[in-house]
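Working notes, structure below.
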Amino acid sequence: MPDNNSPIRMLVVDDEPDLRELYVLTLLREGWQADEAGSVAQALQCLARHEYEVAIVDMRLPDGEGTDILAWAQTQRRAERIIMATAYSSAASAVQALKLGAYDYLTKPVELSQLRQVVRSALGHRDAPPPLPTTAALQAMVGESSPMLAVKQTLRRCARGMAPVLIQGESGTGKELAARALHELSNRAGGPFVAVNCSAIPEHLLEAEFFGYRKGAFTGATSAHEGFFAAAAGGTLFLDEIGELPLSMQAKLLRAVQERKVRAIGETAETPVDVRLVSATHRDLQRCVSEGSFRQDLYYRLNVIAVTMPPLRERLDDLPLLVEALLARIRHEHERPGLRLDDAALHRLRSLGFAGNVRELENLLHRAATMASSDLIGAQDLEPDADRGASPAYAGTQAGIQPPAPAQGHTPAQAPAQDAAPAFEGQPQALAVPDDAGEGEEIEGLAACLDDIERETLRQALFDSQGDLEAASRLLGLLPLQLQWRLRRLHLDGR
C-alpha cells in the first residue's frame, strides 16, 4: 500500500463507459489518481499491476459479479477498501457484499456528493494511526473464555468496515461496552460515539431527536437542534434497545440507513450523513419480525454483522477475572485496598443463576463489600438477605424500608406517616387505599403519586432557573423539547 506521501490511487470498475468517466472525473477533481476497468478480467489485471487505496466496483459486470473481485481480494489479503455499487432494488446484494468484506456500498444512481463522502471515509485511515489491537473498552470486556474470545475476535474483524452491526444479548451482558470497543478499534475512533437509548424517548419526540429540527419548525422550537445522526457525523451512532422503536419510526430509520441522508423537521432538503451504525437489543428480533412488531427490511439492514454477547452463566470460567476487575473498582471507591473474596465466596458465586448477568454480579459485590464485617468477604455475605432475614421476594429492599404486610380481612390500610421517607429506593411502599379497592384503582393511585412527585420536581427546577426553560432542562438532564412535553402532560405549561 502506498505511504502517506504518495499519490492516492483508486480503481473504478463499471461496464458503462459514461459512468466510469463520470466517477473518474469526480475523483480527479479531488486530487486523486484513478484507473478504470470495464470487466472482472480487466479489474484483476489492474489489481495485479498496482495496489490501490480504494476500488469502486459495480455489482453487475459482463463476465461476472463484483463480488468475484471482492472474493479475490479477500483471498489475496489485499488492503484495498472495496466499495460496491448496486442498483436500488438490490438491497440483499449490498448486504451480502458487506458480509463478504466490502467496506461500504453505493446505491445507483450514485450521487457524486455521496461518492466523495464514502471515498473520504474509506481514506480516513491515511491521516490517523492504525487502531491499536486492544482498546480501553476492549480491556473492560473482561474474560478469556471461548465465548468472549470469539466476541472480541469478531469485533476486531469487523471494525475496519462500515457494515452495520447488531449486538444481541440479555440485559447486563455488556452490549454498550462491545459497541464502544468496536468504535475504538475502527478508523472512526477519533470521531464521536453517540449512544442512544431508544426506549427512553417518547414516541412523538423520536423524529426530532434522531433527525433534528430547525428553529421555528414547530411551537417551542426556539433554537435549531442537530439530532443524533448529525451529532455522530464522522463517528459511530449506537442505537441501544432498537427493538423498542415503534413501526412508524422504523420506516423513517430505514430510509436514513438506505439513503445515508436525513431531513430535519422543518427543512425541505435532505442532508447526507456519515455515521457507522451499531444497534443493540435484548429482544429476539427475528421473532419480532415474524410477529409483525419489527420491519423485516430494517432487520436485514441492521443485522449485516451479528454479535451475540454470552450470558454470564455460559462463561463461568471468567468469574475469577470478573470478580477481580470489579473488586478493583470497588476497592478504589470504598477506599478499602484489602477487600477480597475467600474461596467459599467464589464457590458460592458459581452456584448462582445470574439472571442479571455481569450487572447483577457487580451489584452483589457492591452490597457484600458494604455489609461485610471485615475486608474478607465470605459466602454468608453474598446471601441476598442474610443481614436482615427478609423474604427473598423483597431481596434488594433498602434497610429501614419494610415490605407491606398482607391484608387481613377488611382492616383498613394505615395511612403513611407524614415524615416517612419517599419510596424511591428499594421496593415501593404501599399506597393508602382501601382494602376493597380493585387493581385498577391501585394502579391509578400509584400513577397519581408519581405524577405529583414529577410535578413538584419540575416546579422546583423552574423556580431555581427563574422560569428559563433551557436552564431548567439542563438542571433536569432533559432536552428542552422533552421538558415542554412533560409540562404539557402535567398541565404546567401555563404555570
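Rule-based calculations on the coordinates, nothing more; no lab input. Since the model is a prediction, treat every value here as computed from it, not as a measurement. Don't worry about glycine lacking a Cβ; one is built from the backbone with ideal geometry, like all the others, and counts go over all protein chains shown.
Just for region 195-212: of the residues that are free of Cβ contacts under 8 Å to residues at least 60 places away in the same chain and over 15 Å from the mean Cα position of the chain (by Cα), which one is surrounded by the fewest Cβ atoms within 10 Å (Cβ to Cβ)? Filtering first and then ranking leaves GLU203. Residue count for region 344-385 under the criterion of being closer than 21 Å to ASP317 by Cβ, over 31 Å from the mean Cα position of the chain (by Cα) and part of a helix (DSSP H, G or I): the result is 7. Checked against the criterion of being closer than 18 Å to ALA94 by Cβ, aromatic (Phe, Trp, Tyr) and either touching a residue at least 40 places away in the same chain (Cβ under 8 Å) or surrounded by fewer than 16 Cβ atoms within 10 Å (Cβ to Cβ) (or both), region 284-295 has no qualifying residue.
Taking region 121-239 and the helices (runs of 4 or more DSSP H) fully enclosed by it, the elements with 2 or more residues that are closer than 24 Å to ALA264 by Cα are at 206-211, 227-231.
Pairs meeting the criteria (first residue in region 5-25 and surrounded by 11 or more Cβ atoms within 10 Å (Cβ to Cβ), second residue among the aromatic types (Phe, Trp, Tyr) and not in a strand (DSSP E or B), beta carbons under 6 Å, at least 6 apart or on different chains) are ILE8/TRP32; ARG9/TYR52; MET10/TRP32; MET10/TYR52; LEU11/TYR52; VAL12/TYR23. If the condition is being crowded, with 21+ Cβ neighbours inside 10 Å and out of contact with any Lys or Arg (no Cβ under 7 Å at 6 or more places or on another chain), then region 274-283 contributes VAL275, LEU277, VAL278, SER279, THR281. Tell me yes or no: at least one residue of region 335-354 is surrounded by 14 or more Cβ atoms within 10 Å (Cβ to Cβ), in contact with an Asp or Glu (Cβ under 8 Å, 6 or more places away or on another chain) and among the small types (Gly, Ala, Ser). Among the residues of region 335-354, at least one is surrounded by 14 or more Cβ atoms within 10 Å (Cβ to Cβ), in contact with an Asp or Glu (Cβ under 8 Å, 6 or more places away or on another chain) and among the small types (Gly, Ala, Ser), which makes the answer yes.
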